[in-house]
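For reference, the structure discussed in these notes is given below.
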4 protein chains.
Amino acid sequence: MSNEVFSIQLAVRDYECDIQGIVNNAVYQNYLEHARHEFLKQAGVDFAEYAKKGIHLVVVRAELDYKSPLKSGDTFIVDLKLERESKVRFAFYQNVLRIADNRVMVKGKIIGTALNQRGRPEIPAALNRIIEDR
Amino acid sequence: MSNEVFSIQLAVRDYECDIQGIVNNAVYQNYLEHARHEFLKQAGVDFAEYAKKGIHLVVVRAELDYKSPLKSGDTFIVDLKLERESKVRFAFYQNVLRIADNRVMVKGKIIGTALNQRGRPEIPAALNRIIEDR
Amino acid sequence: MSNEVFSIQLAVRDYECDIQGIVNNAVYQNYLEHARHEFLKQAGVDFAEYAKKGIHLVVVRAELDYKSPLKSGDTFIVDLKLERESKVRFAFYQNVLRIADNRVMVKGKIIGTALNQRGRPEIPAALNRIIEDR
Amino acid sequence: MSNEVFSIQLAVRDYECDIQGIVNNAVYQNYLEHARHEFLKQAGVDFAEYAKKGIHLVVVRAELDYKSPLKSGDTFIVDLKLERESKVRFAFYQNVLRIADNRVMVKGKIIGTALNQRGRPEIPAALNRIIEDR
């Protein structure tokens with residue numbers, strides 16, 4: 001049943017664009033992260049609250065395919081699908097889609113884990129439930 | 001002879017760190033880009049000048065392995081090796097190394113191309129020479 | 001008639017927060033700029049289009065009062081009022097208001113001008129009309 | 001004796017530049033903050049360590065005069081002078097100077113305070129000593 005898709009809608013902010021007049025490469029990681037955190041929060045896993053408790057959600061690998069650049073004035077969707085990658089790893093499959101033509105601008109696979117208070121990989125029960133539910 | 005390594009030295013800035021007290025994932029892409037642009041500039045290929053002329057150096061794929069996080073106060077090296085990937089693509093193999101213990105914190109493979117004034121992939125002669133020289 | 005207020009609604013993104021767990025000071029300038037650009041665009045003055053034509057809207061002075069910090073999870077309003085400051089200067093009076101309690105978190109006065117293709121201060125007619133209308 | 005000046009040297013990174021090809025306004029606040037934190041750290045007051053202990057150094061007001069913009073390729077100095085502003089407030093007078101011609105690009109006055117573990121303004125003894133020494 002891993003086929004539910006979560007998404008948020010955003011607009012390009014001019015300061016996110018660089019000398020070439022397009023959104024800078026690094027900024028897409030910001031967009032993808034924001035979508036992941038919003039998804040996790042609505043599912044009951046709050047990144048900031050976890051950090052305070054000493055549980056750290058961390059990215060271990062990111063793969064990003066840049067298809068076409070967003071520009072000033074564009075609005076876009078960031079979606080995600082969450083899949084289990086291994087016992088202690090999970091993967092977010094994400095797209096950045098331009099709303100004007102539904103075109104995929106960037107595709108990402110972001111692999112994460114969680115570190116417990118002792119710094120060891122251990123996915124919290126609440127997060128495991130989210131992964132299983134999908 | 002593709003074995004020459006270019007590197008720059010930087011220090012973590014506190015605003016680059018996030019709620020977890022570590023450098024945010026997206027910021028490493030900033031570090032990697034800055035090293036690439038410095039390398040290209042000293043080799044005679046200026047990103048900003050090219051952009052003005054309508055030649056756009058663009059990233060088509062980024063792979064990042066996050067091994068261990070940089071923190072406030074850390075100094076680090078960003079290095080790179082440039083390799084030809086195909087006729088119109090080149091790859092930067094990059095490391096972020098913490099100076100205190102020479103530990104690899106992040107590894108990246110960044111694949112790029114160049115778009116000419118008509119938006120078609122075409123590597124400028126000056127850049128081709130840099131790729132061949134290495 | 002300078003009393004119309006324009007506003008946009010935004011949400012804090014976790015990467016905008018720093019080690020203290022609060023939105024970093026510099027980020028509020030991003031929020032304020034984004035509101036100004038959205039305002040100008042809906043009034044027919046597009047920052048990016050102007051830049052392409054060689055007309056640069058620039059900030060000459062910024063005054064920011066930080067009253068209370070935004071945190072992860074907060075949603076907020078950024079508003080603005082535009083006033084003429086002098087023949088070639090205009091001022092945006094802006095607030096960042098937390099939606100939960102309508103509290104003013106940051107107040108800003110941002111003074112700007114426009115530089116024409118020769119780099120001289122000159123407010124384009126379209127922008128002058130917006131200033132007069134308010 | 002408040003006339004000692006601390007400074008750091010930095011280089012513009014291309015991702016800090018915006019559509020106009022110049023360093024974005026908000027980025028100067030990053031530069032100014034980095035200089036302040038480096039100054040405080042070498043004087044024994046570590047922003048990140050203080051945050052962990054629950055002592056928060058915060059900016060209450062920022063005034064920035066933008067004289068001329070930094071561009072891709074520029075190197076620059078960020079300096080600062082620290083002055084007492086009141087019993088619980090201190091002010092950093094800062095300049096961003098382009099190295100090529102020693103021109104002042106941005107001037108800033110940044111007023112700060114410190115919040116103790118109960119969230120009340122109280123300047124730690126170590127910081128008071130730094131202010132008095134200057």
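Only the coordinates and a few stated rules stand behind these numbers; no lab work does. Quick caveat, the model's predicted, so the values are computed rather than measured. As a convention, Cβ positions derive from the backbone with ideal geometry for all residues, glycine included, and neighbour counts pool all protein chains shown.
Points to keep in mind about this one:
- Pairs exceeding 18 Å between alpha-carbon atoms, taken from A:52/C:71; A:107/B:71; C:107/D:109; B:71/C:67: A:107/B:71; B:71/C:67.
- HN-Hα J in Hz across the stretch D:26-43 - Karplus 6.51, -1.76, 1.60, θ = phi - 60°, x for Gly and Pro: 5, 5, 4, 5, 4, 4, 4, 4, 4, 5, 4, 5, 5, 4, 4, 5, 5, 8
- Whether the stretch B:1-56 is rounded, prolate or oblate, judged on the alpha carbon gyration tensor where a/c under 1.5 counts as rounded: oblate
- Rounded, prolate or oblate (a/c below 1.5 giving rounded, otherwise prolate when a/b exceeds b/c) for the protein assembly as shown by Cα gyration tensor: rounded
- Backbone HN-Hα couplings from phi across the stretch B:72-83 [Karplus 6.51/-1.76/1.60, Hz, Gly and Pro as x]: 3, x, 6, 10, 7, 9, 10, 10, 7, 10, 10, 9
- Within-10-Å neighbourhood charge of residue C:30 [Cβ basis; K, R +1; D, E -1]: -3
- Nonlocal amide H pairs with residue C:105, under 5 Å, H built at 1.01 Å: C:96, C:97, C:98
- Residues whose amide H comes within less than 5 Å of that of residue C:70, counting only those at least five positions distant or on another chain, are C:23 (H built at 1.01 Å from N in the peptide plane).
- Amide H to amide H, with H built 1.01 Å from N, residue D:122 comes under 5 Å of D:114, D:115, D:116, counting only residues 5 or more places away or on other chains.
- What separates the residue D:88 label point from its copies, with the point 7 Å along Cα to Cβ, is 4.4, 4.6, 6.3 nm, written shortest first.
- Relative contact order for chain C, counting Cα pairs under 8 Å that sit 6 or more residues apart, in percent: 29 percent
- Put simply, when C:76-83, B:125-132, A:26-33 are sorted by average Cβ atoms within 10 angstrom per residue, most first, you get A:26-33, C:76-83, B:125-132.
- Cα centroid separation, the stretch B:1-58 to the stretch D:99-134 (Å): 30 Å
- Each helix, a run of at least 4 DSSP H residues, gives -39500 (n - 2.57); summed and divided by the residues of chain A, these come to -7500 deg cm²/dmol at 222 nm.
- Average beta carbon contacts from partner chains per residue of D:5-13, 10 Å cutoff: 2
- Total formal charge among the other residues, if their Cβ is under 14 angstrom from that of residue C:59, Lys/Arg +1 and Asp/Glu -1: -1
- Local electrostatic count at residue C:41 - Lys and Arg +1, Asp and Glu -1, tallied over other residues with Cβ under 11 Å: -3
- Gyration tensor (alpha-carbon) shape descriptor, the stretch A:6-133, a/c threshold 1.5: prolate
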